[in-house]
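Report on the following structure.
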Amino acid sequence: MEIEKAMERGYLLTEEIEDTFPSEERLRRGMVAIIECPQEIPCNPCVESCPFGAITMEGGINGIPVVDYDRCTGCTLCAQVCPGHAIFLARILDDSRAVVVVPHEFLPVPERGEEVKLLDRAGRDVGRGRVLWLLKPEREVHYYLVALEVPRELWKEVRALEVIR
Amino acid sequence: MRYGRIEEHPILKFERGRKVRFTLDGRELWGYEGEPIAIALLANGHDVFFRMEDGRPRGPFCMIGKCSSCLMVVDGVPNTRTCVTPLREGMDVRTQHGEPGLPERVSDSFVPPMEIRRSLVVVGGGPAGLTAAIQAHDLGVEDVLIVDEGMRLGGQLLKQTHRFFGNKKYYAGKRGIEIARILEREVEERGIEKMLMGTVIGVFRESEPRARYTLGAVVKREVNGVYKTGFVRILADAVIFATGAAEKYLPFENNDLVGVMGAGGIQTAMNVWGLRPGSRALVVGAGNVGVIVAYQMLQAGIKVEAIVEIMPRIGAYFVHAAKVARRGVPILTRHTILRAIGEDRVEGATIARVDDRWNPIPGTERDLDVDLIALSVGLKPSVELVQQAGARLRYVGRLGGFIAVRDRYHRFAPFGYVAGDLSGIEEATTAMMEGKIAGAAAAHDLGRAPPREASRVIREVEEDLKTFRSGPIGRRIEEALRAVVVEPPPEEWGGEIGD
Ligand SMILES: Cc1cc2nc3c(=O)[nH]c(=O)nc-3n(C[C@H](O)[C@H](O)[C@H](O)COP(=O)(O)OP(=O)(O)OC[C@H]3O[C@@H](n4cnc5c(N)ncnc54)[C@H](O)[C@@H]3O)c2cc1C
């Protein structure tokens with residue numbers, strides 16, 4: 001993948017990565033991991049975390065992780081361990097709604113059912129969504145995964161949230 | 001509010017000591033016992049710590065005792081580094097003006113010198129030094145002493161709240177602060193001796209025939225509730241230097257205003273001591289340190305107006321940059337800072353776009369409303385002590401500046417070793433690997449390691465290092481290291497460590 005442009009601005013554009021995304025058909029079947037980690041860096045906890053062998057890396061620890069979307073069950077384990085906060089999950093619910101799971105490490109922590117601001121990769125406000133569930137890993141340190149119900153067309157865009165109270 | 005204590009944080013809980021009173025230039029203030037004096041002062045809104053002879057103000061910059069911006073007169077002792085001196089009830093703190101005189105009553109502030117002797121001394125208790133000490137101890141060196149000038153073991157890990165890359169064996173996915181705790185526990189479990197708040201100030205060779213290395217350390221010790229300073233002469237059969245690195249500076253107009261801080265210094269204030277050193281920040285430099293500290297500032301409730309980077313591309317790992325970008329922080333490549341605005345302290349900053357030759361483009365200047373400027377323009381290895389210890393230095397830009405010429409076992413001389421950022425700026429993971437090699441080599445050279453054990457450990461870690469450095473970033477480090485690693489290991493340094 002060409003990442004030189006992304007290295008000039010700090011984020012990827014949807015069109016730069018969407019060819020690596022799971023198909024809409026797969027997204028309708030259920031939750032699936034989407035990894036946005038396009039650079040060769042020495043890091044592999046995602047590969048080690050996957051109980052289904054769905055994440056592979058060519059060329060050892062510096063390889064780029066690739067998800068086998070048929071093996072991936074959307075269990076969230078990889079997203080919980082990713083030090084780079086680069087793993088998201090998504091699924092399509094119906095014709096109008098999708099779910100995106102994003103990491104959240106800020107205060108305040110949103111509550112279930114709460115309406116939040118949806119941010120894209122550049123931090124732009126792209127709309128509102130509702131918190132479906134939160135996952136707080138069993139560690140002393142907080143690092144939330146937040147599942148957001150978003151307008152269907154936004155599953156490729158939403159990558160963070162902001163609490164609006 | 002420019003400065004403030006962080007009461008709520010998404011990751012950290014701050015355990016503060018009891019409230020104590022102290023005085024600043026005779027005025028009564030309060031702070032928490034055990035926190036650095038510098039933190040207590042900032043929390044009280046006091047940020048000009050001393051003035052140069054020409055009246056220029058100075059405030060905290062590095063927060064780890066490496067620069068000289070926070071010197072004050074504490075309990076009569078001038079030039080006290082307030083960023084590494086813990087607050088105590090009743091302390092008398094005074095602003096310093098120009099060159100201070102000698103303390104009036106020396107005897108009150110000092111304890112008599114002492115001398116100790118150890119087989120192995122490790123200077124620096126960061127990831128490199130701690131793993132070195134643990135490894136040497138595990139291979140049979142019983143009397144290892146770790147000397148560190150900080151108030152706790154862990155070095156730079158103590159402020160890294162983000163999760164580390166790498167693989168499981170080297171704690172990938174864990175936060176730096178957790179890794180520091182693990183290493184500290186391992187040191188404690190082994191009963192390895194440590195000397196905290198001890199600064200090694202010199203290595204004396206010729207003057208002392210009784211030992212291979214003689215180190216001079218200045219140590220702060222608490223005597224009846226007051227810190228006293230003492231000199232310790234440490235005789236050592238072998239020394240591992242793991243003194244880390246210091247943050248680089250950048251020339252621009254008004255760069256000495258209070259509020260221009262090292263990014264690492266900001267990190268120490270926020271993440272170790274729970275103090276917000278500003279409310280709106282500009283970050284200069286989009287390497288890993290810059291973008292990580294920007295993210296952590298957001299977590300601490302500091303608004304980050306922008307990150308400027310003079311190069312056409314971001315130097316940080318993409319994923320670190322993406323974390324701040326999605327919080328709406330603009331990362332402006334091909335941009336630089338022209339000046340800090342303000343009288344004594346930062347009240348703004350002017351940035352501009354640069355052309356292909358890094359010259360600011362007229363008409364592109366823009367003022368930002370910030371009260372904190374974070375410099376993250378690189379680290380340079382702290383080589384002063386190894387140089388005194390006889391190391392030959394060579395300048396390697398990619399590794400951060402001058403570094404010691406060494407062999408593959410991290411020896412720069414017989415029974416002298418370097419590891420971690422000191423032997424080339426890289427990462428905590430590789431610092432730990434290098435520490436293991438240096439520790440094992442020292443145990444071997446001292447004749448303590450069981451036969452073949454040192455070489456087994458070293459070969460294994462060398463493999464880990466090779467794998468780790470096999471990516472594009474690591475390969476560049478490997479190439480740069482060729483300029484300083486002598487092959488084969490010189491006989492006079494101890495030669496090969498074979499089976
Ligand atoms: C903002 C930031 C983010 C980072 N993020 C990561 C990351 O995500 N992953 C990663 O792997 N690495 C990261 N690093 C790098 C990592 O922290 C360093 O590479 C690592 O800490 C180096 O270890 P060290 O033991 O060589 O030095 P240090 O950790 O700097 O330890 C040196 C120790 O020596 C002591 N010392 C120095 N001089 C003396 C003296 N004269 N007398 C006594 N004691 C002395 C110091 O007090 C200090 O405790 C980051 C660094 C920074 C600044």
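The values are calculated or read from the model by the stated rules, or taken from the named source; none is laboratory data. Remember, predicted model here, so these are calculated numbers, not experimental data. No Cβ is skipped: glycine too gets one built from the backbone with ideal geometry, and neighbour counts run over all protein chains shown. Surface areas here come from the heavy atoms of the whole protein model, side chains and all, with no ligands, DNA or RNA. Shrake-Rupley method; radii C 1.70, N 1.55, O 1.52, S 1.80 Å.
Before moving on, here are some points about what is shown:
- Under the Karplus curve 6.51 cos²θ - 1.76 cosθ + 1.60, θ = phi - 60°, whole-Hz ³J(HN,Hα) for the stretch B:379-387, x wherever Gly or Pro sits: 10, 10, x, 7, 9, 3, 5, 5, 5
- When the helices of chain B are scored as -39500 (n - 2.57) per DSSP H run of n ≥ 4 and the total is divided over every residue, the value at 222 nm lands at -6500 deg cm²/dmol.
- Whether the protein assembly as shown is rounded, prolate or oblate, judged on the alpha carbon gyration tensor where a/c under 1.5 counts as rounded: oblate
- Charge context of B:F110, other residues only, Cβ under 14 angstrom, K/R +1, D/E -1: 0
- Summarising the overall dimensions of the stretch B:278-392 from its C-alpha atoms, the Rg and Dmax are 15.9, 51 angstrom.
- Heavy-atom accessible area per residue - chain A, 1.4 Å, Å²: 44
- Interface burial in the stretch A:2-29, defined as at least 40 Å² less accessible area with all protein chains than with the chain alone at a 1.4 Å probe, covers A:M7, A:E8, A:G10.
- Beta bridges per DSSP with both ends in chain B, % antiparallel, nearest 5: 55
- Per-residue mean of C-beta atoms belonging to partner chains within 10 Å, peptide B:324-337: 5
- With the simple model of a label 7 Å out from the Cα in the direction of the Cβ, B:R190 to B:D54 spans 5.0 nm.
- Hz values of 3J(HN,Hα) by residue in the stretch A:5-20 - Karplus curve (6.51, -1.76, 1.60), Gly and Pro given as x: 5, 5, 6, 8, 10, x, 8, 8, 8, 3, 5, 7, 10, 5, 5, 9
- DSSP beta bridges in the protein assembly as shown [antiparallel fraction, %, rounded to 5]: 65
- Inter-site label distance for B:E115 and A:E4 at 7 Å from Cα along Cβ, in nm: 6.4
- According to the Cα-based calculation, Rg over Rh for the stretch B:26-82 is 0.94, with Rh computed by the Kirkwood formula.
- In percent, rounded to a whole number, the relative contact order of chain A is 20, using alpha-carbon pairs under 8 Å and six or more apart.
- Listed residue pairs exceeding 20 Å between alpha carbons, taken from B:K169/B:K436; B:K66/B:K436; A:K156/B:K323; A:K5/B:K159: B:K66/B:K436; A:K5/B:K159
- Residues whose placed amide H lies under 5 Å from that of A:I64, excluding near-sequence neighbours: A:E58
- A full extension of the chain between B:R366 and B:E487 corresponds to an added length of 38.4 nm, given 0.36 nm per residue minus the alpha carbon distance.
- Carbon plus sulfur fraction of accessible area for the protein assembly as shown, probe 1.4 Å, in percent: 49
- Where labels lie 7 Å past Cα in the beta-carbon direction, separation of A:E16 and B:K19 in nm: 5.1
- When the Gaussian network model of chain A links Cα atoms closer than 10 Å, the mean-square fluctuations of A:L148, A:L89, A:L77 top out at A:L77.
- Peptide-level mean, for B:166-177, of C-beta atoms on other protein chains within 10 Å: 4
- Legend: calculated FRET efficiency, B:L235 to B:N79, from the Cβ-Cβ distance at R0 = 22 Å, rounded to 0.05, equals 0.20.
- Summary value for chain B: 15 percent relative contact order, contacts being C-alpha pairs under 8 angstrom separated by 6+ residues.
- Chain B - Debye-derived log10 I(q)/I(0), Cα point model, q = 0.06 Å⁻¹: -0.27
- Computed [θ] at 222 nm, helices only, for chain A once each DSSP H run of length n ≥ 4 contributes -39500 (n - 2.57): -2500 deg cm²/dmol
- GNM result for chain A, Cα springs below 10 Å: residue of A:A79, A:A98, A:A122 fluctuating most strongly: A:A122
- Cα gyration tensor shape for chain A, rounded if a/c is under 1.5, else prolate or oblate: rounded
- Mean Cβ count within 10 Å, highest first, over the residues of peptides B:431-441, B:137-147: B:431-441, B:137-147
- Interchain or long-range residues, amide H under 5 Å from B:A349's placed H: B:I341, B:L368, B:V370
- Counting only protein heavy atoms and a 1.4 Å probe, chain B has 39 square angstrom of accessible area per residue.
- Accessible surface buried upon A-B contact (total; probe 1.4 Å; Å², nearest 100): 3800
- Charged neighbours of B:R94, selected by a Cβ distance under 10 Å, balance to -3 (K, R count +1; D, E count -1).
- Amide hydrogen proximity for B:G202: with H placed 1.01 Å from N in the peptide plane, the residues at 5 or more positions away or on another chain lying under 5 Å are B:G216.
- Positive minus negative residues near B:A38 (Lys, Arg vs Asp, Glu; Cβ under 12 Å): 0
- Within 10 Å of the Cβ of each residue in B:5-13, the mean number of Cβ atoms contributed by other protein chains is 3.
- Estimated FRET transfer efficiency (B:R210, B:D344; beta-carbon r; R0 51 Å; 0.05): 0.50
- The stretch B:4-108: C-alpha gyration tensor shape, a/c 1.5 cut-off, then a/b vs b/c: prolate
- Comparing the full protein assembly with the isolated chain, the residues of the stretch A:48-81 losing at least 40 square angstrom of accessible surface (1.4 Å probe) are A:E48, A:I61, A:N62.
- Whole-Hz couplings from phi, Karplus 6.51/-1.76/1.60, listed for the stretch B:450-461; x for Gly and Pro: x, x, 6, 5, 4, 5, 4, 4, 4, 4, 5, 5
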